[in-house]
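Step one of this worksheet: look at the structure below.
The values are calculated or read from the model by the stated rules, or taken from the named source; none is laboratory data. Treat the numbers as computed from the prediction; the structure is a model and nothing was measured. Positions of Cβ are backbone-derived with ideal geometry, glycine not excepted, and every protein chain shown enters the neighbour counts. The area values use the complete protein model at the heavy-atom level, side chains included, leaving out ligands, DNA and RNA. Shrake-Rupley method; radii C 1.70, N 1.55, O 1.52, S 1.80 Å.
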Amino acid sequence: MYEVITYSLRSLVNFTDEELFGFMQKLKPMRLKKYAFYLKPGQVCHSMVIVHQGALRYFVRNEKGDQTLGFAFEGEWLGDYESFLLKTPTQCYIEALEDTELFMLSYADMQELYNKSQRFERFGRLIAERLFIETAKSKSKLLTQTAEDRYLELLTNQPQIFERLPLTLIASYLGIQPQSLSRIRARLLSVKN
């Protein structure tokens, strides 16, 4: 039943069966209906979540509208890491894009796991490193790549996003307007033909 989660955990760290069982005992299940929020501005992110089934969107809202910072699908972790670590209110939203089943790992439970084994500490470090790298890459791409290059990279590296999400959300993630994304897609299609 939890193959997605155990695969995700073991892809980072070679947990023993006993450690994996202990980890799974700390995870608390939660279900979100499509468009329900896991997190809103002003709330503190008390748990990081791993998606068992479904999809989440991490975004901010400003005078220009929504700016999507990331997505999480099956086997991926998400949360406002700054709010989680510092216990401060977030400025971000986390919303279910589909009916979603997830599991939450609280800060206290994470600390308890860290104290049990170096493997758990390694796991936490690897997750933090991934989050940092993804954030840095995303900022760098917005500053250095054209919208078309960002689109092509997303299409190459995560084609499933185009099957599961509306183009308006993809445009928001790429940092462009939906009309611009439509123009890019039409131009690339005409070049291909």
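Annotations for the structure displayed:
- Evaluation of Ser83 against (1) within 18 Å of the chain's Cα centre (by Cα); (2) under 24 Å from Glu3 (Cβ atoms); (3) part of a helix (DSSP H, G or I) (one fails), failing number: (2)
- Residue match in region 110-117 (condition: without any contact (Cβ under 8 Å) to a residue 24 or more places away in the chain and of a type in the set (Ser, Thr, Tyr)): yes
Yes/no matrix, rows are residues, columns are (1) touching a Ser or Thr at 6+ places or on another chain (Cβ under 9 Å); (2) buried (at least 16 other Cβ atoms within 10 Å of the Cβ):
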residue: Arg125; (1), (2): no, no
residue: Glu148; (1), (2): no, yes
residue: Tyr173; (1), (2): yes, yes
residue: Ala186; (1), (2): no, no
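Condition check ((1) within 18 Å of the chain's Cα centre (by Cα); (2) charged (D, E, K, R)) across all residues:
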residue	(1), (2)
Arg122	no, yes
Arg125	yes, yes
Glu129	yes, yes
Thr144	no, no
Gln158	yes, no
Leu169	yes, no
Ser172	yes, no
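- Output for region 87-120, where each listed residue is assigned to a helix (DSSP H, G or I) and either under 28 Å from Phe59 (Cα atoms) or open to solvent by less than 40 Å² (accessible area, probe 1.4 Å) (or both): Tyr107, Ala108, Asp109, Met110, Gln111, Leu113, Phe120
- Output for region 122-169, where each listed residue is in contact (Cβ under 8 Å) with a residue 12 or more places away in the chain and small (Gly, Ala, Ser): Gly124, Ala128, Ser138, Ala147
- The residues of region 17-59 that are open to solvent by 60 Å² or more (accessible area, probe 1.4 Å), in contact (Cβ under 8 Å) with a residue 60 or more places away in the chain and assigned to a loop (DSSP other than H, G, I, E, B), listed by number, are Lys33, Lys34, Tyr35, His46.
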